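Down below is the structure, laid out as structure tokens.
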Amino acid sequence: MKPQIVLSVEQALTLTYTTLRCVHLGWRVIKVEPTPVPGRKSRGDPNRYIGRPVAGDDRHSYFIAPNLGKEAIAIDLKHEEGQALLRRLVKEFQADVFCTNTMPSRHTKLGIDYETLRKEKEDLIWCCISAMGLAYPNVPGYDPVMQALCGYMDLTGHPDGPPLQCGPPLVDLKAGDEAFIQIILALAERNETGKGKKIDISMAQAAVSWLHTFLPMLEMGSPPSELKRSGNEHRQFIPVNAYKTKDGFIYIAIGSDAQWNRLVKNPMFASLEQERFSTNEGRRKDKEELHRSIEVITQNHPSAEVSEVLKETAIPHSPITPIEEVPDLPFVASNSLKTTTPEGRTVSLPPPAVITDYLEQVKRNLPFAPAYGEHTDSLLNEAGFTSSEIASLRKRGIVA
């Protein structure tokens, strides 16, 4: 597939992650942000100001990674002339894809709805991510709110503890991935039909779509108590848990009776070779005693020694890696993305899920995240605006 041109009225994470995946393919992504609001210090995407300052006052650490390799333009879409400008960009750039995660109730007012923009390019792929989809246009939403709404917080944490959100923003990233996949599919369809498409992504629906090991069990007779918060334990496979060692913790996951049988044949765990533990259901019946018995063994050995035994018996396991050590894991370090700050410092960033041909071509090095409105002039010039026209637009606050 040839590189595509994406215009995206985006902020926060979920859609910004979608368009980052487009950057990974070598596509051109133009990030459209609002012009400054009188009396408000911050400008554009609020995520620009989250985390530690990295480059100037508008590129903080939380903003950098999801915005690598993008161009940035600031347009006042509340103004009719700003909307006309956006339509002209769609037409002049022959944009393949338009994206937004603005609340759906604002689409028509801002001139970014599908029907308006498709008039400029009939085969435009239009994609929106919102809290609950176009059917619920007035519902705002952030990842933790969606986790609360969709049951995630009822499933996360310890049984006797309060509801907790997952560490990574799973709903943001799941919805972002889904939008990316649907855009790819729509482009493939367009190659066959010549027609554009309207894509409607609901963060809530995307979140619930991941509950395959929960909702069907309720439907088929499992009591809710079987599915609630279970700490580090797996709800169905026993034993799966984090266990103390002499110098830390190790996570062990037994997924079959065959794996259990291999484990207890090793001298370290031989005391657990009992008939009542020979099946998963037997281990479930006495799981609390079993978890305690395993920890009695593991806490008398260093993590490395336990890990060596688990390697020998081909049991899935891992130490609990501190987050600050994750970048040094070999498979991470060898695939991490790189960027260079305006001051010339090289920064390592998380690897993509898959190393694309484009990323191989550029040696996994992507341009630094754009400053607010950094490419406004160059993009308008490319779209055919003269210097005097750009100056006039800026003077009247249509662009920034």
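The values are calculated or read from the model by the stated rules, or taken from the named source; none is laboratory data. Everything numeric in this text was worked out from a predicted model, so none of it was measured. Glycine gets a Cβ as well: all are built from the backbone with ideal geometry, and neighbour counts include every protein chain shown.
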Reported set for region 1-32 where residues are over 17 Å from Pro367 (Cβ atoms) and more than 17 Å from the chain's Cα centre (by Cα) is Met1, Lys2, Gln4, Leu7, Val9, Val32
The number of residues in region 208-254 that are assigned to a strand (DSSP E or B), of a type in the set (A, V, I, L, M) and in contact with a helix residue (DSSP H, G or I) (Cβ under 8 Å, 6 or more places away or on another chain) is 2
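Name the residue that is surrounded by the fewest Cβ atoms within 10 Å (Cβ to Cβ), counting only residues in region 87-99 that are touching a Phe, Trp or Tyr at 6+ places or on another chain (Cβ under 9 Å) and not acidic (Asp, Glu).
Taking region 87-99 first, the residues touching a Phe, Trp or Tyr at 6+ places or on another chain (Cβ under 9 Å) are 88, 90, 96-99.
Checking the rest, the ones that are also not acidic (Asp, Glu) come to 88, 90, 97-99.
Working: Arg88: 15, Val90: 21, Val97: 24, Phe98: 26, Cys99: 28.
So, considering only residues that are touching a Phe, Trp or Tyr at 6+ places or on another chain (Cβ under 9 Å) and not acidic (Asp, Glu), the one surrounded by the fewest Cβ atoms within 10 Å (Cβ to Cβ) is Arg88.
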Restricting attention to region 32-53, the residues that are surrounded by 19 or more Cβ atoms within 10 Å (Cβ to Cβ) and over 22 Å from Val171 (Cα atoms) number exactly 6
Residues of region 366-400 being closer than 29 Å to Gly344 by Cα and either touching a His at 6+ places or on another chain (Cβ under 7 Å) or among the charged types (D, E, K, R) (or both), in sequence order, are Glu374, Asp377, Glu382
Of (1) surrounded by fewer than 14 Cβ atoms within 10 Å (Cβ to Cβ); (2) without any contact (Cβ under 8 Å) to a residue 24 or more places away in the chain, Asn300 satisfies every one except (2)
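State whether one or more residues within region 258-266 are in contact with a Lys or Arg (Cβ under 9 Å, 6 or more places away or on another chain), under 29 Å from Leu164 (Cα atoms) and assigned by TED's automatic domain parsing to the domain that holds Lys311. Give the steps one after another, and end with the answer.
In the first step, residues of region 258-266 are kept if they are in contact with a Lys or Arg (Cβ under 9 Å, 6 or more places away or on another chain); the result is 260.
Retained after the next criterion (residues that are under 29 Å from Leu164 (Cα atoms)): none.
No, region 258-266 has no match at all.
Yes/no per residue for (1) touching a residue at least 12 places away in the same chain (Cβ under 8 Å); (2) in a helix (DSSP H, G or I); (3) touching a Lys or Arg at 6+ places or on another chain (Cβ under 6 Å):
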residue	(1), (2), (3)
Lys31	yes, no, yes
Gly44	yes, no, no
Gly82	yes, yes, no
Ser105	yes, yes, no
Met132	yes, no, no
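Can you tell which of Glu308, Glu325 is part of a helix (DSSP H, G or I), under 35 Å from the mean Cα position of the chain (by Cα) and over 25 Å from Ala65 (Cα atoms)? It would help to see each step written out before you state the result.
Numbers: Glu325 fails: over 25 Å from Ala65 (Cα atoms).
None of the other options fit; the residue is Glu308.
For Asp160, state whether it is over 29 Å from Gln4 (Cβ atoms), loosely packed, with under 13 Cβ neighbours inside 10 Å and acidic (Asp, Glu). Before the answer, list the steps.
Details: over 29 Å from Gln4 (Cβ atoms): yes; loosely packed, with under 13 Cβ neighbours inside 10 Å: yes; acidic (Asp, Glu): yes.
Yes: the conditions hold for Asp160.
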Restricting region 258-267 to residues that are surrounded by 15 or more Cβ atoms within 10 Å (Cβ to Cβ) and without any contact (Cβ under 8 Å) to a residue 24 or more places away in the chain, the one farthest from the chain's Cα centre (by Cα) turns out to be Val264
With the first residue restricted to region 344-373 and required to be assigned by TED's automatic domain parsing to the domain that holds Asn47, and the second required to be of a type in the set (Phe, Trp, Tyr), Cβ contacts under 9 Å at 6 or more apart or on different chains are Val347/Phe368; Pro351/Phe331; Tyr358/Trp27; Ala369/Phe63
Do the conditions hold for Met146, that is, is it touching an Asp or Glu at 6+ places or on another chain (Cβ under 9 Å) and closer than 20 Å to Leu215 by Cβ?
yes
Restricting attention to region 29-68, the residues that are at pLDDT 95 or above, more than 21 Å from Phe98 (Cβ to Cβ) and among the hydrophobic types (A, V, I, L, M, F, W, C) number exactly 6
Selection from region 100-124 of residues surrounded by fewer than 18 Cβ atoms within 10 Å (Cβ to Cβ) and within 18 Å of Gly141 (Cβ to Cβ) yields Met103, Ser105, Arg106
### Residue check for Ile112: of a type in the set (Val, Ile, Thr), within 24 Å of Ala186 (Cα to Cα), modelled with pLDDT of 95 or more and in a loop (DSSP other than H, G, I, E, B)
yes
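Taking only region 54-78 into account, find how many residues are surrounded by fewer than 20 Cβ atoms within 10 Å (Cβ to Cβ) and within 24 Å of Arg345 (Cβ to Cβ). Walk me through it before giving the result.
Step one: of region 54-78, the residues surrounded by fewer than 20 Cβ atoms within 10 Å (Cβ to Cβ) are 54-57, 60-62, 65, 71, 78.
From the residues that got through so far, the ones that are within 24 Å of Arg345 (Cβ to Cβ) too are 54-57, 60-62, 65, 71.
Qualifying residue count for the region: 9.
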Filtering region 185-206 for residues that are touching a residue at least 60 places away in the same chain (Cβ under 8 Å), in a helix (DSSP H, G or I) and under 18 Å from Thr16 (Cβ atoms) leaves a count of 1
Residue set Ile250, Ile199; condition surrounded by 14 or more Cβ atoms within 10 Å (Cβ to Cβ) and outside the structural domain of Met103 (by TED's automatic domain parsing); output residue Ile250
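Just to verify a result, which residue in region 356-400, among those that are assigned to a loop (DSSP other than H, G, I, E, B) and among the β-branched types (Val, Ile, Thr), is farthest from the chain's Cα centre (by Cα)?
Just the residues of region 356-400 that are assigned to a loop (DSSP other than H, G, I, E, B), to begin with: 356, 362-364, 366-375, 383-386, 396-398, 400.
Retained after the next criterion (residues that are among the β-branched types (Val, Ile, Thr)): 356, 362, 386, 398.
Working: Thr356: 18, Val362: 23, Thr386: 39, Ile398: 32 Å.
The selected residue is Thr386.
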